[in-house]
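Visitor: Dropping a structure here in structure tokens format, bear with me for questions.
The values are calculated or read from the model by the stated rules, or taken from the named source; none is laboratory data. Computed from a prediction, not measured in an experiment: that's the story for all the values here. Every residue, glycine as well, gets a Cβ built from its backbone with ideal geometry; the counts of neighbours run over all protein chains shown. Note: accessible area is taken over every heavy atom of the protein model, side chains too, but ligands, DNA and RNA are not part of it. Shrake-Rupley method; radii C 1.70, N 1.55, O 1.52, S 1.80 Å.
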Amino acid sequence: MAEELNVALVSGPAYDGLYSRLPKFTAATGIKVNVGFSGDHPALNHHLAGLSDVPYDLVSTHTKYAPSQMGFLAPLDQMVPTSVVNDFMPLLLELSRIEGSLFGLPRNIDVRLLHYRTDLIDKPPKTWNELISVAERLNSPPDLYGFVFPGCESGLFGTFYELAEMAGAHLFPNDLVPDIENEAGRWALNSLRSLYEKAVVPRDFTSWHYEEVHECFRSGRAAMVCDWPGYYSLYCDPAISAIHDRFALTPYPVGPAGTSLSYGGGHTFALTKRAIDNENALSLLLFLTDFDQQLLEAHNGCVPVRRSVMSAMQIESDDRNHSRLAMLDDVISKHILIQPKFAEYPDVEAVLWRTVQSAIVGKLPVDVALRNVREQIQRIVSKRNGDFAKPNAKKRVTISTPTH
């Protein structure tokens, strides 16, 4: 069996700490790990989708993207020991399954919280309209932006998804054709457009991913952002964070429909079909998701997805982190917003963020943009339905989330 493994990994400040442990794996096993590709998730997905033959044994993926990668991912049910599987939280296992089979081991679960500057804001806003008003009041570019959000790719998709659903629209009804040509959809898109028009976000934000949003807040140039748990330790580090002692976290404010919803999902590690009988690849998969590695990521701010790691964190965490973990648990249990699993999801995400971005910067009227989103996604999902899907279904897709 080969003593080398080839992998493709998601990279960024929230992810790279784990990879410092790869030399430890090599020292313990003698198996060399070659990182053939690393990049943010859009770059990684594009890279993998463009390969006719995937040359990797293990890849980073995500519960929302894995259904589009079934051509090269390997089922894990007969490979991973039951004792390992049973240590993961049930929700994460469910998210990692496709048509009943396990196609990845969970790395984390992600939901965003509102991060705000306590030296600028006494009490966090209770509604999104109040948040927008506070952002406009505090805005003083280029030194301080009132509320910064990603301007492209999955970050912009997720921000619109959250706002639209909190206003009462339905991005993924049963037929998967967005029900957004209504007051809720208009409010969500007009809110983002207004923030851009009033320069509450930087003019070049259309190229910003999560990392740029994080850096803007960490450097003290934003009053509020919505961000993931994995960045928490970086915000708290006085060596690199200008706001380490002047920020707080809170669940999202409620939208016009009276609900608070946070877009979420889970990063996973998966084996490819070429590694289905490769014990070395399985060893690496188990190493990357074992107790010690999960504990490292929990220390960096990620929500533990193994029961054993959650128990350890509950014992060792200080009051501030206890409060943060309890807040995240409540959001995951009651307010998480998860898109359904389907192979065409990456195409749907791309259509939506590009069209939303065009409307934000004034290239498309809001109503035209919402119609274009519906029509383009209707064409995409009709390929799986065998006919054009009906656009008027109202029922929202939900996933029951157990408490940890």
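Visitor: From Glu130, Glu94, grab the single residue that is closer than 22 Å to Phe217 by Cβ and assigned to a helix (DSSP H, G or I).
Guide: Working: Glu94 fails: closer than 22 Å to Phe217 by Cβ.
The conditions single out Glu130.
Visitor: All but one of (1) within 17 Å of Ser358 (Cα to Cα); (2) without any contact (Cβ under 8 Å) to a residue 24 or more places away in the chain hold for Phe160; state the number of the condition that does not hold.
Guide: (2)
Visitor: Residues that are at pLDDT below 95, at least 3 per element: which helices (runs of 4 or more DSSP H) completely within segment 1-87 meet that?
Guide: 41-49
Visitor: Considering each of Tyr231, Tyr252 in turn, give the residue that is touching a Lys or Arg at 6+ places or on another chain (Cβ under 9 Å), part of a loop (DSSP other than H, G, I, E, B) and closer than 15 Å to Phe149 by Cβ. Even if it seems obvious, please write down each step before you answer.
Guide: On the way: Tyr231 fails: part of a loop (DSSP other than H, G, I, E, B).
Just one listed residue meets the conditions, Tyr252.
Visitor: Can you name the number of the only condition in (1) of a type in the set (A, V, I, L, M, F, W, C); (2) assigned to a helix (DSSP H, G or I); (3) surrounded by fewer than 18 Cβ atoms within 10 Å (Cβ to Cβ) that Leu284 fails?
Guide: With (1) of a type in the set (A, V, I, L, M, F, W, C); (2) assigned to a helix (DSSP H, G or I); (3) surrounded by fewer than 18 Cβ atoms within 10 Å (Cβ to Cβ) applied to Leu284, the lone miss is (3).
Visitor: Okay, next question. With Pro125, Pro142 as the choices, which residue is surrounded by 20 or more Cβ atoms within 10 Å (Cβ to Cβ), out of contact with any Cys (no Cβ under 6 Å at 6 or more places or on another chain) and not in a strand (DSSP E or B)?
Guide: Pro125
Visitor: Are there any pairs, at least 6 apart or on different chains, whose C-beta atoms fall under 8 Å, with the first in segment 225-244 and open to solvent by 50 Å² or more (accessible area, probe 1.4 Å) and the second of a type in the set (Phe, Trp, Tyr), and if so, which?
Guide: His244/Tyr235
Visitor: Can we say Glu162 is closer than 28 Å to Asn45 by Cα, open to solvent by less than 10 Å² (accessible area, probe 1.4 Å) and acidic (Asp, Glu)?
Guide: Yes: the conditions hold for Glu162.
Visitor: For the condition in contact (Cβ under 8 Å) with a residue 40 or more places away in the chain, open to solvent by less than 30 Å² (accessible area, probe 1.4 Å) and touching a helix residue (DSSP H, G or I) at 6+ places or on another chain (Cβ under 7 Å), what is the one hit in Ala275, Ala312?
Guide: Ala275
Visitor: Give me the residue from segment 315-343 that is part of a loop (DSSP other than H, G, I, E, B), open to solvent by 40 Å² or more (accessible area, probe 1.4 Å) and touching a helix residue (DSSP H, G or I) at 6+ places or on another chain (Cβ under 8 Å) and, out of that set, nearest to Ile377 (Cα to Cα). Spell out the reasoning first.
Guide: Going residue by residue through segment 315-343, those that are part of a loop (DSSP other than H, G, I, E, B) are 317-318, 335, 338-343.
If we keep only those that are open to solvent by 40 Å² or more (accessible area, probe 1.4 Å) too, we end up with 318, 335, 341, 343.
Subsequent filtering for residues that are touching a helix residue (DSSP H, G or I) at 6+ places or on another chain (Cβ under 8 Å) retains 341, 343.
Details: Lys341: 15, Ala343: 13 Å.
Out of the qualifying residues, it is Ala343.
Visitor: Please count how many residues of segment 310-341 are of a type in the set (A, V, I, L, M, F, W, C) and touching a Phe, Trp or Tyr at 6+ places or on another chain (Cβ under 6 Å).
Guide: Result for segment 310-341: 1.
Visitor: Of all residues being part of a loop (DSSP other than H, G, I, E, B) and charged (D, E, K, R) in segment 202-217, which is surrounded by the fewest Cβ atoms within 10 Å (Cβ to Cβ)? Just the residue, please.
Guide: Asp204
Visitor: Hey, another quick one. Could you say whether any residue in segment 70-85 is of a type in the set (Val, Ile, Thr), in contact with a helix residue (DSSP H, G or I) (Cβ under 8 Å, 6 or more places away or on another chain) and crowded, with 23+ Cβ neighbours inside 10 Å? Full working, then the answer.
Guide: Narrowing segment 70-85 to residues of a type in the set (Val, Ile, Thr): 80, 82, 84-85.
Cutting the leftovers down to in contact with a helix residue (DSSP H, G or I) (Cβ under 8 Å, 6 or more places away or on another chain) gives us 80, 84-85.
Filter once more, so that each one left must be crowded, with 23+ Cβ neighbours inside 10 Å: none.
No, that holds for no residue.
Visitor: Take the conditions open to solvent by less than 10 Å² (accessible area, probe 1.4 Å) and small (Gly, Ala, Ser) and apply them to Ala199. Does it pass?
Guide: For Ala199, the condition - open to solvent by less than 10 Å² (accessible area, probe 1.4 Å) and small (Gly, Ala, Ser) - is not met.
Visitor: With the requirement that a residue be open to solvent by 50 Å² or more (accessible area, probe 1.4 Å) and modelled with pLDDT of 95 or more, what does segment 367-400 give you?
Guide: Those that are open to solvent by 50 Å² or more (accessible area, probe 1.4 Å) and modelled with pLDDT of 95 or more: Asp367, Arg371, Glu375, Gln376, Arg379.
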